[in-house]
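Every read-out reported here was derived from the displayed coordinates using simple, explicitly stated rules and does not represent laboratory data. Here the structure is a predicted model, which is why all the values come from computation and not from measurement. Note: ideal-geometry Cβ built from the backbone for every residue, glycine included; neighbour counts use all protein chains shown.
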Amino acid sequence: MSTPTEPNKTNGMFQSDFETLYLDNREMVLQAAFRLLGNREDAEDALQTVFTRLLERPKDQQNFCKNPSGYLYRSAINEALHIISFRDRQKLTDMDVDSLEIPAPEADSETEADILRVRMAMAKLKPKDREILHLHYYENYTCREIARMQRKSLSAVLVKLLRARTELKKWILIQEKQDEAKKAQHERIDREGLPEASEA
Amino acid sequence: MKELIAKASPKLPKHDVEEIGDRVWLRLNAEMEQRKDELALRSLYGDGWNNAPALEEGDFQILSAVHLLAGKGTALDILDMVERCTGQTLLVAPRVERLEKEGLLAASRTGDRRYEVTERGQRALGRAKLEGKQFARVVEGPAREERVKEALPEKAD
């Protein structure tokens, strides 16, 4: 997440403050939404909605003023989750997993396979599990910070993180087994040739 | 775990962020243009308002009455207007004096003291309107009921 924008303590010109806030935070909001949605168009919708809501009067102005960037980040996540549940995007995300734009890793093919497995496993996770893993392992937030951000107790966050990790490992193992099964099948085909088509 | 998650995280390329960001900004700008009167009263920070103080009900009624009288109303006219529009009787003089001190009303210096709403007062009225306050709602209610009664067909015996 980018550096939080320093809240302007005085009342000022709305439009210029809004523009500054937008330019400082648009990338953070867009990337946060994209990580969950895995889809450019939906992430654009989320960005639009988050900032359009700011044009309407925020219900919790005090919270916004305390930490504008944190507020926007939470709004982006909530909006992404809303889009997912509303449009049933989970299915599509699973299908679109190959189209996710991830820079090609420069590591060896074994590492590439590992990354692909994690990608597939991440796509299988519930969005909230995916998010907590991102926050902790990708954004480097401590559990205490996540608890503050999500307004949850520290123990609740610890339990959630543990469950998300367990879930991720479970899916990685499933992916590994599937990969092994595929590999074995390919080897068998290589060894024995394609099975002949059965007669009707 | 950390490294794998980082590598497996989808990320939009910089040029896509720029492109999408610019496109959304154009739409937000159009939205701001439509709402420019409202946004002139608003602030992104602080209490959310830009030099538009909150009005309590009585003050709102007085300012609305002064606004309707268009700078020609004395304290008596204001009292009369409030009574006619809301059905309520207010102690006008002390309120008017306070609103004048707060810079929401200004009085003419010659002859009768006739009041007008200052720019700050107009902003306060604008805020009250956005907050959903209505000046004539007390008299509108019964009047609306009368209209509804008139519009309804008579009950069949």
- prompt: Applying the Karplus parametrisation 6.51 cos²θ - 1.76 cosθ + 1.60 with θ = phi - 60° to the phi angles of the range B:11-22, what ³J(HN,Hα) value in whole Hz is obtained for each residue in order, glycine and proline being reported as x?
  reply: 9, 6, x, 3, 5, 5, 4, 4, 5, 5, x, 5
- prompt: Which order do A:M122, B:M1 fall in if you start with the one that has the fewest other Cβ atoms within 10 Å?
  reply: B:M1, A:M122
- request: Could you tell me which of rounded, prolate or oblate describes chain B, using a ≥ b ≥ c as the square roots of the eigenvalues of the alpha-carbon gyration tensor, with rounded for a/c under 1.5 and, failing that, prolate when a/b is larger than b/c and oblate otherwise?
  value: oblate
task: Please average, across the residues of B:45-56, the number of beta carbons from any other chain that are within 10 Å of each residue's own beta carbon, and give a whole number.
output: 4
query: Residue-wise, which Karplus ³J(HN,Hα) couplings in Hz belong to the range B:35-44, taking 6.51 cos²θ - 1.76 cosθ + 1.60, θ = phi - 60°, and x for glycine or proline?
result: 9, 5, 5, 5, 5, 5, 8, 9, 10, 6
query: Within 10 Å of each Cβ of B:13-24, how many other protein chain Cβ atoms are there on average?
result: 5
- request: DSSP loop (so not H, G, I, E, B), at most 14 other Cβ within 10 Å: list which GluC sites (Glu not before Pro) in the range A:125-200 pass both filters.
  value: A:E196, A:E199
field: Charge-dipole axis of the range B:57-147 as Lys and Arg at +1 and Asp and Glu at -1 on Cβ define it, positive-most pick from B:T89, B:V66, B:L76
entry: B:V66
- prompt: Which trypsin sites (Lys or Arg not before Pro) in the range A:116-177 pass both tests, a DSSP loop state and at most 16 other beta-carbon atoms within 10 Å?
  reply: A:R151, A:K152
field: Per DSSP, loop trypsin sites (Lys or Arg not before Pro) in the range B:12-92 with at most 16 further Cβ within 10 Å
entry: B:R35, B:K72
- request: Report, by chain and number, residues whose modeled amide H sits under 5 Å from the one on B:R42, excluding near sequence neighbours (fewer than 5 apart, same chain).
  value: B:N50
query: Roughly how crowded by other chains is peptide A:46-56, in terms of the mean Cβ count from those chains within 10 Å of each of its Cβ atoms?
result: 4
